[in-house]
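Have a look at the structure below, then the notes.
The values are calculated or read from the model by the stated rules, or taken from the named source; none is laboratory data. Predicted model, so just to flag it, every value in this text is computed and none were measured. Glycine also receives a Cβ, built like all others from the backbone with ideal geometry; neighbour counts cover every protein chain displayed. SASA here: full protein model, heavy atoms, side chains in, ligands and nucleic acids out. Shrake-Rupley method; radii C 1.70, N 1.55, O 1.52, S 1.80 Å.
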Amino acid sequence: MSDRNSALRTVRLVLVCAERNHNKFWNAWLFPHLVYVEYGRVGYAPRPHHYHYANKTAARNKFENLLNQKLTKGYRDAPDNPTQLEALDWGIFGDRAEVFAERFEFVVEIARKIERAWHLQFDSRRGVFQSSLGQFSLSKSRTARQSLNRVRQNYQVPNSNSLKFAVENYLSIIPMKVGMHLEIPKLFPTLESINEQFHLLDEIELALDILAEIRQNLRESPHANRTSWIDWENPEIYSSPTPVTDDRQILF
């Protein structure tokens with residue numbers, strides 16, 4: 001398959017609906033003669049599919065047709081915004097090399113906690129947290145907090161639409177380990193379970209802040225040899241939709 005960074009267009013969609021037990025993603029990349037698709041249930045291995053065409057127009061038409069089909073079914077934009085420590089040349093940071101290496105190790109520890117609770121992995125080659133829903137960012141975390149606050153406000157009324165919409169919106173951002181059956185009472189049975197999610201958001205935001213600091217210092221480094229850091233300089237970034245502020249706006 002072609003390099004995804006060279007795609008003419010990239011789309012990441014998600015469908016979360018507690019009533020229908022939906023917790024699915026659909027990602028697509030448009031190339032001049034190819035439409036590449038990955039789809040499946042969040043947290044499970046994606047199923048790939050290739051559509052080959054003789055020209056760019058045919059490929060683009062197929063891409064738009066597939067996208068419209070998914071949007072009609074209720075999919076919407078997924079909010080965007082293994083460690084290899086020994087492979088990174090920390091000497092590039094000079095006197096601060098040891099400091100940044102220690103901070104990176106701290107990020108790795110946070111990543112292990114996150115991976116136990118969410119289907120979110122840390123890619124040390126690029127310095128990003130990644131899942132089938134896309135690359136994780138501070139803006140995503142802040143939007144997730146809004147939804148989680150609504151979950152906390154409504155969790156004692158398990159059959160309410162407000163709780164259902166809040167959970168669906170949260171899961172469209174945070175790839176919790178839901179399994180094959182999406183049952184809200186089991187996801188958030190107590191206030192403590194909700195507070196655990198807030199704690200995880202605190203942890204990953206701290207990790208993202210550290211990564212941002214390392215990346216900023218990397219840009220300012222006077223050293224020329226950045227071979228082991230080249231993927232950090234241009235991480236894959238996906239566009240982020242406007243944060244949802246009203247539960248009623250996220251009906252599927």
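A single entry from Ile114, Ile110, Ile174 fulfils the requirement of being outside any helix (DSSP H, G or I), β-branched (Val, Ile, Thr) and touching a strand residue (DSSP E or B) at 6+ places or on another chain (Cβ under 9 Å): Ile174.
Every residue, every condition in (1) touching a Leu at 6+ places or on another chain (Cβ under 6 Å); (2) modelled with pLDDT of 65 or more; (3) not in a helix (DSSP H, G or I), yes or no:
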{"site": "Leu201", "(1), (2), (3)": "no, yes, no"}
{"site": "Asn225", "(1), (2), (3)": "no, no, yes"}
{"site": "Ser228", "(1), (2), (3)": "yes, no, no"}
{"site": "Tyr238", "(1), (2), (3)": "no, no, yes"}
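Given the structure, is Pro82 more than 30 Å from Asn217 (Cβ to Cβ), of a type outside the set (D, E, K, R) and either open to solvent by less than 20 Å² (accessible area, probe 1.4 Å) or modelled with pLDDT under 90 (or both)? In short, no. Close Cβ contacts (under 6 Å, 6 or more residues apart or on different chains) running from residues in segment 149-177 that are open to solvent by less than 10 Å² (accessible area, probe 1.4 Å) to residues that are basic (Lys, Arg) comprise Ala166/Arg150; Ile173/Lys140. Residues that are at pLDDT 85 or above, more than 20 Å from the chain's Cα centre (by Cα) and either under 22 Å from Ser172 (Cβ atoms) or surrounded by fewer than 19 Cβ atoms within 10 Å (Cβ to Cβ) (or both) within segment 14-33 comprise Pro32, His33, listed in sequence order. Anything in segment 112-154 that is over 19 Å from the mean Cα position of the chain (by Cα) and over 17 Å from Val16 (Cβ atoms)? List them, or say none. Hits for segment 112-154 are Asn149, Arg152, Gln153.
Taken over segment 35-66, the criterion of being under 27 Å from Pro175 (Cβ atoms), out of contact with any Pro (no Cβ under 8 Å at 6 or more places or on another chain) and among the aliphatic types (A, V, I, L, M) is satisfied by Val35, Ala45, Leu66. Any chance segment 132-142 includes a residue that's open to solvent by less than 30 Å² (accessible area, probe 1.4 Å), assigned to a helix (DSSP H, G or I) and not charged (D, E, K, R)? So far as segment 132-142 goes, yes, one or more of its residues are open to solvent by less than 30 Å² (accessible area, probe 1.4 Å), assigned to a helix (DSSP H, G or I) and not charged (D, E, K, R). Picking from residues in segment 42-52 that are of a type outside the set (Lys, Arg) and open to solvent by 70 Å² or more (accessible area, probe 1.4 Å), the one that is farthest from Lys177 (Cα to Cα) is His52.
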